[in-house]
Amino acid sequence: MTNKEQFHCVGCGGTLTSMDAEVVFVTGFYRVIHPLGLCKACFIQSQENEQQRDALVADFTRSYNAEHLLVAYS
């Protein structure tokens, strides 16, 4: 039996109304009381974290390319 009016946010751990959901996961479980998902606040936070991680990777890639490493250790 599922409860379509509420979901459990895996980001903050809260049980919130479906109106607060940004993403609700399709988990494949057939006996779920509250679907799993991300609330709007946790979804925004996860997107910001992803953008910060991507920026760090891009900076690292620009700073340390293969030619730089070959010259530095030759």
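The values are calculated or read from the model by the stated rules, or taken from the named source; none is laboratory data. These figures come from a predicted structure and were not determined experimentally. Just the protein is used for accessible areas: all its heavy atoms, side chains included, with ligands, DNA and RNA removed. Shrake-Rupley method; radii C 1.70, N 1.55, O 1.52, S 1.80 Å.
For the range 1-26, how many residues meet the condition of being at pLDDT below 80 and either open to solvent by less than 60 Å² (accessible area, probe 1.4 Å) or not polar (S, T, N, Q) (or both)?
Filtering the range 1-26 for residues at pLDDT below 80 gives 1-4, 26.
Then drop every residue that is not either open to solvent by less than 60 Å² (accessible area, probe 1.4 Å) or not polar (S, T, N, Q) (or both), which leaves 1, 3-4, 26.
So the count comes out to 4.
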Is one or more of the residues making up the range 33-53 open to solvent by 90 Å² or more (accessible area, probe 1.4 Å) and modelled with pLDDT under 85?
yes
